[in-house]
Ligand code: CIZ
Ligand code: SF4
């Protein structure tokens, strides 16, 4: 339900939101939005969450069409888990630079060096890369997924920062890391943490494991977007410094009107996540664009890696 009193819902927005709602009914569609999306996009979504929760929601609805307000790999995961549905990505070029840091052929070659290793990919990867892996993980369940494997040696792609964090949490495994990273999280420095702590000494620091290890080491809590939102909501503390993409402020503030949130850095913006607008969602539903299509064999193999993750978590 759209909150018409919201500050963000100006008159122009009300008009376009009404058109979106009408098309949604006509198409028997749902709109899902990632935690990093613009506020006005999160506001009109049927479900807001992380990529994994959104993919599971898409698989469970009776809708024929899913509009995925997020980036490409997320809409692909939703399609893999709901092959019978039409999955639309409103912005064709909303990609993830970290997912693009490894290709399937690069991974195939890398695997040859470690024939006994299990291969795990972060959900932030293409369907082709997922198809080369034994199992996927998200930032919420990465530690659980790694612990579930019988192999001691594990190739982990593409995020070296998340890989470093898992290595610390599961020292009994030997992780072989790909040199990928999220440009939005990787640019945050120890200096940013020190300055934020100086300005807000009584705030707890909550950071995403995609940040550099030296930043993660200074945090009071490390977790995925969902875990950060849950932690702040349950905590008795009233002030928090947030170390992930600024879109999470939407749910943090909505769930916690009595608490105060400061961004660890003003640079915490993912340009790809911000590409999707109300206008592009409207066009997406009107013209049924851009449909996610995946080759059958890739779909099958990537689905095995995603479903194996579902069995563990
Ligand atoms: O899996 C996701 O949705 C991502 C990319 C981040 C997170 O922590 O939720
Ligand atoms: Fe990719 Fe980073 Fe943007 Fe997430 S925040 S979509 S990992 S570039």
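The values are calculated or read from the model by the stated rules, or taken from the named source; none is laboratory data. Since this is a predicted model, take the numbers as computed values, not measurements. Because the Cβ atoms are built from the backbone with ideal geometry, glycine has one as well, and the counts that use them run over all protein chains shown.
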Check your understanding: Do you know which residues across segment 266-283 are in contact with a helix residue (DSSP H, G or I) (Cβ under 7 Å, 6 or more places away or on another chain) and in a helix (DSSP H, G or I)?
Key -> 278, 279, 281, 282
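Look through 226, 301 and report the one residue that is closer than 28 Å to residue 82 by Cβ, not in a loop (DSSP other than H, G, I, E, B) and not assigned by TED's automatic domain parsing to the domain that holds residue 104.
226
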Review point. Looking only at segment 189-214, which residues are in contact with a strand residue (DSSP E or B) (Cβ under 9 Å, 6 or more places away or on another chain) and either free of Cβ contacts under 8 Å to residues at least 40 places away in the same chain or in the same structural domain as residue 121 (by TED's automatic domain parsing) (or both)?
Key: 202, 204, 206
Review point. For segment 170-218, list the helices (runs of 4 or more DSSP H) that sit wholly inside it and hold at least 3 residues that are closer than 20 Å to residue 238 by Cβ and within 22 Å of the chain's Cα centre (by Cα); which are they?
Key: none
**Study point:** Subset of segment 148-169 that is in a loop (DSSP other than H, G, I, E, B) and over 17 Å from the mean Cα position of the chain (by Cα) - its residue that is nearest to ligand 1 (Cβ to nearest atom)
**Key:** 149
